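Since every read-out is calculated from the coordinates, none of them should be taken as a lab result. In this text the structure is predicted, and so the values were computed from the model without any measurement. FYI the Cβ positions are ideal-geometry reconstructions off the backbone, even for glycines, and counts take in every protein chain you see.
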Ligand code: UDX
């Protein structure tokens, strides 16, 4: 059992903290947002994530988790300090490290003569940040008068690979745990936090661990853009991308995952991480042609329904369009970089009237009198001439297809059998088939 504090109780911080507590460690979760901490103390979970409420409740029952806004308390009472603060994209695509920098400076301000803290970075930070953090902490401690700053801390990179909607499951059954540090003993000590999970371990240096995270996400994003490009060609030549994916995926060297054609990737990770990697490549004067193309293909794919409608000469001016699914993927309330936002903006630009429905997302950051969020999927559908399926929530899979009569239906995620669509809809489209 180790004493851990987690700085930042966003999605990554809260999942990591509560899962560590569930594994038996003593965890202090800190956030500067008082309101959030007050809610967490009352057992209210600020994000929608399956199983998270149960894990937090179990951790609380076993007295292994505390929530606080008090930095001094968190740092004094822990040997491991995980940084899980946000690293949003700046307009040029680089990651904004100001929250990480603030966290590091605050940590330094509470490290004293007799302390040794292991500072573990969980936030997705650009390659090179671990060593930058080490220098920053050394300088801060020197300023405080600690003569041998390196004796008081060690920086570790431990990237997260959690999928939204499956974060607790992913934490408990990791494909691998990656630990990067320039001190091998500290890396092994950090790895032991996960020992009860018995995962495959990669113990390496700081930049390699940081690179594994980016290269993994960029590769998955590349698979998605690749299959979407193949889908766009498949539909022109009469091929079916679903069967193409299946045929490709049976090759063990390719594998079946992340070959689902659709309306591209969204979320807080893939778009941001690919852009940050492009930015890092530029910084080091390294070509990033593949990554550039991954982003370009994805931007086009998100608004593919608009292209389909225009190419079919369907007038959008005054058209009533239902959107099913607003979150960037099912089982989350997250709309960051969601295709729904791009599609809605394009529809509104073309003077369409949008009836949007999602099982969980009930508001959008777009204010327009022509955007109406409905409480029920059929309300949106019945009021519209066109339906665009944007996110493949389970509740859209088995529906009353008879209601598709007289409608133009675009299945943006290929969730419905093509024959069924053909039978019931007035006109139908899907992706790559
Ligand atoms: C991702 C990574 O999977 C995770 O390891 C990392 O830590 C964070 O980023 P997440 O963003 O939660 O997780 O979602 P994921 O399930 O990976 O899907 C990302 C996007 O890709 C979604 O918009 C999804 O619809 C899309 N996608 C995924 C496809 O279009 N096709 C696929 O085959 C797979």
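So here's what we get for this one:
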quantity	calculated
Computed lengthening from residue 215 to residue 239, 0.36 nm per intervening residue step minus Cα-Cα distance	5.6 nm
Cβ-Cβ FRET estimate between residue 135 and residue 69, R0 fixed at 30 Å, reported to 0.05	0.60
Cα-based helix-to-principal-axis angle, 270-283 vs the chain, degrees rounded to 10	60 degrees
Sorted by Cβ neighbour density within 10 Å, fewest at the top, the residues 140, 287, 160	287, 140, 160
Rounded to 10°, Cα long-axis angle of helix 289-302 versus longest principal axis of the chain	50 degrees
Residue order, fewest to most surrounding Cβ atoms within 10 angstrom, among 18, 109, 225	109, 225, 18
Degrees, to the nearest 10: 129-143 long Cα axis against longest axis of the chain	40 degrees
Beta bridges per DSSP with both ends in the chain, % antiparallel, nearest 5	5 percent
Estimated FRET transfer efficiency when R0 is 35 angstrom, pair residue 397-residue 62 (beta carbons, to 0.05)	0.40
Neighbour-count ranking [beta-carbon atoms within 10 angstrom, fewest first] of 307, 272	307, 272
Orientation-averaged projected area, Cα convex hull of region 285-330 (nm²)	5.4 nm²
Burial ranking of peptide ranges 33-39, 118-124 (average Cβ count within 10 Å, highest at the top)	118-124, 33-39
Length gained when the stretch residue 188-residue 38 is fully extended (0.36 nm per residue, less Cα-Cα span)	50.5 nm
Potential extension, residue 311-residue 98 segment - 0.36 nm per residue separation minus Cα distance	72.2 nm
Calculated diffusion of the chain, Stokes-Einstein form, Kirkwood radius summed over Cα pairs, 20 °C and 1.002 mPa s, µm²/s	91 µm²/s
Helix-only CD estimate at 222 nm, as mean residue ellipticity for the chain, using -39500 (n - 2.57) per DSSP H run (n ≥ 4)	-12500 deg cm²/dmol
